[in-house]
1. Taking only the stretch 398-453 into account, find how many residues are of a type outside the set (Phe, Trp, Tyr), part of a loop (DSSP other than H, G, I, E, B) and either buried (at least 21 other Cβ atoms within 10 Å of the Cβ) or on the phi < 0 side of the Ramachandran plot (or both).
2. Provide a single number: the residues in the stretch 661-687 that are part of a loop (DSSP other than H, G, I, E, B) and of a type in the set (S, T, N, Q).
3. Going by the structure shown, is residue 219 surrounded by 13 or more Cβ atoms within 10 Å (Cβ to Cβ), more than 27 Å from residue 325 (Cβ to Cβ) and modelled with pLDDT of 95 or more?
4. Can you tell me which residue within the stretch 212-237, out of those that are out of contact with any strand residue (DSSP E or B) (no Cβ under 8 Å at 6 or more places or on another chain) and not hydrophobic (A, V, I, L, M, F, W, C), is nearest to residue 165 (Cα to Cα)?
5. Determine if the stretch 162-185 includes at least one residue that is surrounded by fewer than 23 Cβ atoms within 10 Å (Cβ to Cβ) and more than 17 Å from residue 151 (Cα to Cα).
6. Name the residue that is farthest from the chain's Cα centre (by Cα), counting only residues in the stretch 492-514 that are more than 26 Å from residue 61 (Cβ to Cβ) and among the hydroxyl-bearing types (Ser, Thr, Tyr).
7. Here are some residues: 124, 193. Which one is within 20 Å of residue 70 (Cα to Cα) and either touching a helix residue (DSSP H, G or I) at 6+ places or on another chain (Cβ under 7 Å) or among the hydroxyl-bearing types (Ser, Thr, Tyr) (or both)?
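The values are calculated or read from the model by the stated rules, or taken from the named source; none is laboratory data. No experiment lies behind these values; they were computed from the predicted model shown. Neighbour counts run over all protein chains shown; Cβ positions are idealised from the backbone, glycine included.
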Amino acid sequence: MNKLANFFLLAAAVTAGAEAAAPNAAVNYDGRDLQFSFPKCTSYPCLVFEDNFDSLDFDKWEHEITAGGGGNWEFQYYHNNRRNSFTRDGKLFIKPTLTAEDRGEEFVRNGHLDLWGSSPANLCTGNQWWGCSRSAGGGNIVNPIQSARLRTANTFAFRYGRIEVEAKMPTGDWIWPAIWLLPRRNEYGEWPCSGEIDLVESRGNRNLQGPDGKSAGVDQMGMTLHWGPKWPLNAYSKTHATKNLSGGKTFGTDFHKYQLEWGPEIGLVFSLDGEHVMTVNPPKGFWEYGKEFWVDEKTQQPLDKATWNPWKMSGGATRLAPFDKPFYIIMNVAVGGVNYFGDELTNSPYPKPWRNTDGNAMGNFYSAKNLWLPTWKDEKDETAMQVCTGYPCLVFEDNFDFLDFDKWEREITAGGGDHKEFQYYHNNRRNSFTRDGKLFIKPTLTAEDRGEEFVRNGHLDLWGSSPANLCTGNQWMGCSRTAGGGNIVNPIQSARLRTVNNFAFSYGRIEVRTGSGPPSGCCRGATNWPASGEIDLVEARGNRNLRGPDGQSVGIDQMGMTLHWGPKWPYNGYSKTHATKNLSGGNTFGSSFSLDGKHVMTVNPPKGFWEYGKKFWVDEKTQQPLDKATWNPWKASGGATRLAPFDKPFYIIMNVAVGGVNYFGDELTNSPYPKPWRNTDGNAMGNFYSAKNLWLPTWTDENDETAMQVNYEYVRVWKLQP
């Protein structure tokens, strides 16, 4: 079978600004919170980011998962699949393929595309424009193309410097490759206020022409800046340039270097293979540069500069605003859509099979696949985009002088981690805040915020509408809950913080200093729990008088440390890797800091975790041992070591949960009142909440520092060896 269209990258590199002539110049890349190390520049230019694509480095590149199409109603959906993004011979390939090849023609015509995901590694990255869920029917189809879009949004961003990407563009009708940059934070407002830098875009068609007869296909590439005070005002036409090759050459037949030099004095200088293409350096700033475009669409009067200039009103804005903030890198291959392939373009030997005003443009495109699909196939992958000090070393630290959103992401979900816990997590300073150099995570009553009627009869909607407030987990009805019929909405609000997009480490030393309250958390690995492992640095129960069947206290004077691991759910060998520690003399983990350097547990299986836990690996139906060759996930995975699954990068989690149907076992006894629910209750959460007159008084005191909150003094991680 012939190969489909690919986007091919040979190399990508970013150099800190040549203008930054001294080490005390402004930082030219945003590497404070990133997952991999960056050099400390002592002279300039200084290489701060490089990928030669010897492998697909997930510590640098994140895959977007969405069918949204960026507002252009493009015909592909993006996902993380090695058919669409892979490396080979030192090159990265981004390649669109037919959805029907993967899921079948019936799926495209009548199926339902669900991209929501259930864990950080596979969550939908954008629900706007129905990006996380699409249904076919009524003449509409599911996105008929699968492709990939990679970004460094959470791993690398830079401001000022030089970026160079050596790449070969794809060839094939209606294919739209792009290498571009977006602001890491929209500090001047939503698009296009905070800007967009298009290092290169092209169209894959071999024979596409504009109204002037000029070729607009794969022998042309474009470089563009997008900017404006509000949508739809965008002055990109003043900052757009194209370059056409001659003599039968195209950007799909050879590698070319796409380059940008960017600095506070020189502006933005675009080049192709070292040849200048465009310079944008407005002497009076971008408002003045584009003011002929700033006309109110209703009144046709010029916009008032004092009111509408986002770059003047924002603190710290410079002459180059909005292009004076850190931007991250994006590489993708799109297909079609109702924007980039204008209706004024003419294609041969057949015309464009849809119009941008069509109500079913995607369906019309797909119905003509017998015309365009042959242009995607060749024998050489030409239609792919291809892109060619000392130890211990402190690699992560937070002393909680302030709440650092560049390190910690808030989870937003009511899912309860399959434990049916009674809280929902959100981003609110009542539940997570810093004070006096400590981080506090504190559960509160939902009724204090939303009222008792909401708890009893309301609807909890956590979906969100922007990257900053999107629900982080819909599994177990985590994004939407409705009360009624005796069931209630989660009656507790709390917080769960994680570093999943900002920091992860494999091997080293982690130390967390915590006091006042029952801390919970540490580290999670990849998906497929428990096969990829979980490390519980510490867990505790906040009860003052809670005992197990043996009479031992299991409340706030006890803490536990645990590893979770197993070949598949529900197999979990955690009981072999669990230890507890109790304080004496009336001390509790809510009144003092403990375990300072005192050994609690060592786990170091000499023959690996399969052998270490094999007594647990018994088929629940046949009661026969599981076959090692079939079920050992750590042997089957490439690169697994003796410590698998604990040989991969893990990220940090800190949270305060309440109740649930797991951690507080029915065998535990509490005084002076018993546990107010049983884990088998159909309405455990409601039974818990109905008894709040019993447990709520234990949550408060004059100092606001009881078991109802936990504070963290610091989190530190050291790398112990190169």
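1. First, pick out the residues of the stretch 398-453 that are of a type outside the set (Phe, Trp, Tyr): 398-399, 401, 403-404, 406-407, 409-421, 423, 426-432, 434-439, 441-453.
Subset that is part of a loop (DSSP other than H, G, I, E, B): 399, 401, 403-404, 406-407, 411-412, 414-415, 419-421, 426-431, 436-437, 442-443, 451.
With either buried (at least 21 other Cβ atoms within 10 Å of the Cβ) or on the phi < 0 side of the Ramachandran plot (or both) added as a condition, the list becomes 399, 401, 403-404, 406-407, 411-412, 414-415, 419, 421, 426-431, 442-443.
Looking only at that region, the number is 20.
2. Step one: of the stretch 661-687, the residues part of a loop (DSSP other than H, G, I, E, B) are 661-668, 671-683.
Subsequent filtering for residues that are of a type in the set (S, T, N, Q) retains 662, 671, 679-680, 683.
Residues flagged as part of a loop (DSSP other than H, G, I, E, B) and of a type in the set (S, T, N, Q) within the stretch 661-687 amount to 5.
3. Values: surrounded by 13 or more Cβ atoms within 10 Å (Cβ to Cβ): yes; more than 27 Å from residue 325 (Cβ to Cβ): yes; modelled with pLDDT of 95 or more: yes.
When the stated conditions are applied, residue 219 passes them.
4. 237
5. yes
6. My answer is 514.
7. Working: 124 fails: either touching a helix residue (DSSP H, G or I) at 6+ places or on another chain (Cβ under 7 Å) or among the hydroxyl-bearing types (Ser, Thr, Tyr) (or both).
Checking each option against the conditions leaves just 193.
Conditions tested, residue by residue: (1) assigned to a helix (DSSP H, G or I); (2) within 25 Å of residue 510 (Cβ to Cβ); (3) not β-branched (Val, Ile, Thr).
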site	(1), (2), (3)
620	no, no, yes
630	yes, no, no
639	no, yes, yes
644	no, yes, yes
659	no, no, yes
